[in-house]
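The values are calculated or read from the model by the stated rules, or taken from the named source; none is laboratory data. Only a predicted model underlies this, so the values are computations on that prediction, with no experimental measurement involved. Here the Cβ is made from the backbone with ideal geometry for all residues, glycine too, and neighbour counts use every protein chain on show. SASA here: full protein model, heavy atoms, side chains in, ligands and nucleic acids out. Shrake-Rupley method; radii C 1.70, N 1.55, O 1.52, S 1.80 Å.
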Amino acid sequence: MGRNTRQRTAIRRAFEHAGRPLRPRECLELARGEVPDLGIATVYRNVNALVDAGWLRVVELPGTPDRYETAGRNHHHHFHCRRCDGVYEVETCPGGFAAMAPTGYRVEDHDLILYGVCRSCVG
Ligand SMILES: [Zn+2]
Ligand SMILES: [Zn+2]
């Protein structure tokens with residue numbers, strides 16, 4: 001395997017194994033287990049390429065830097081830990097948003113973020 005392929009594979013694996021949105025810095029830390037000499041610039045370059053290829057999607061949380069998660073997952077939401085700044089996946093959606101809109105308004109989309117303390121931070 002060439003160096004570039006090895007790096008790309010380690011980066012993809014980091015996202016797959018994490019199963020949650022990662023910042024490039026978090027991806028770097030995970031992928032370094034496999035490719036110790038990996039650098040942040042390489043992570044950024046590969047993440048951008050993987051977004052272009054439709055393999056990753058951008059996760060935007062208000063007031064925080066972009067994170068990325070593997071594309072093509074089922075509808076889900078996110079939990080943002082205030083202590084470690086980690087973002088985790090929330091699989092359920094309460095739904096029923098159409099009923100919350102004022103009369104005559106049509107809901108087309110919704111966004112839902114839970115804030116709190118993650119399992120490892122609760123201790
Ligand atoms: Zn936490
Ligand atoms: Zn939802």
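Points to keep in mind about this one:
- Segment 88-110 - residue that is surrounded by 10 or more Cβ atoms within 10 Å (Cβ to Cβ) and not aromatic (Phe, Trp, Tyr) and, of those, farthest from ligand 2 (Cβ to nearest atom): Ala101
- When residues of segment 70-95 are limited to those that are among the β-branched types (Val, Ile, Thr) and within 13 Å of the chain's Cα centre (by Cα), the one farthest from ligand 1 (Cβ to nearest atom): Thr70
- Only residues that are touching a residue at least 24 places away in the same chain (Cβ under 8 Å) and over 11 Å from Pro21 (Cβ atoms) were counted in segment 78-110, giving 5.
- Residue in segment 52-66 that is in contact (Cβ under 8 Å) with a residue 12 or more places away in the chain, of a type in the set (S, T, N, Q) and either out of contact with any Ser or Thr (no Cβ under 7 Å at 6 or more places or on another chain) or part of a loop (DSSP other than H, G, I, E, B) (or both) present: yes
- Residue match in segment 62-81 (condition: aliphatic (A, V, I, L, M) and touching a His at 6+ places or on another chain (Cβ under 7 Å)): no
- Within segment 1-41, tally of residues that are over 27 Å from Asn74 (Cα atoms), assigned to a helix (DSSP H, G or I) and open to solvent by 20 Å² or more (accessible area, probe 1.4 Å): 6
- Any hit, segment 51-59, residues being under 13 Å from the mean Cα position of the chain (by Cα), farther than 29 Å from Arg3 by Cβ, open to solvent by less than 50 Å² (accessible area, probe 1.4 Å) and not β-branched (Val, Ile, Thr): no
- Candidates in segment 111-123 are the residues that are within 16 Å of ligand 1 (Cβ to nearest atom) and not in a helix (DSSP H, G or I); of these, the one that is surrounded by the fewest Cβ atoms within 10 Å (Cβ to Cβ) is Gly123.
- Screening His77 on (1) within 13 Å of ligand 2 (Cβ to nearest atom); (2) open to solvent by 40 Å² or more (accessible area, probe 1.4 Å) shows it passes everything except condition (2).
- Residue that is nearest to Asn46 (Cα to Cα), among those in segment 61-74 that are in contact with a strand residue (DSSP E or B) (Cβ under 9 Å, 6 or more places away or on another chain), open to solvent by 60 Å² or more (accessible area, probe 1.4 Å) and of a type outside the set (Lys, Arg): Asp66
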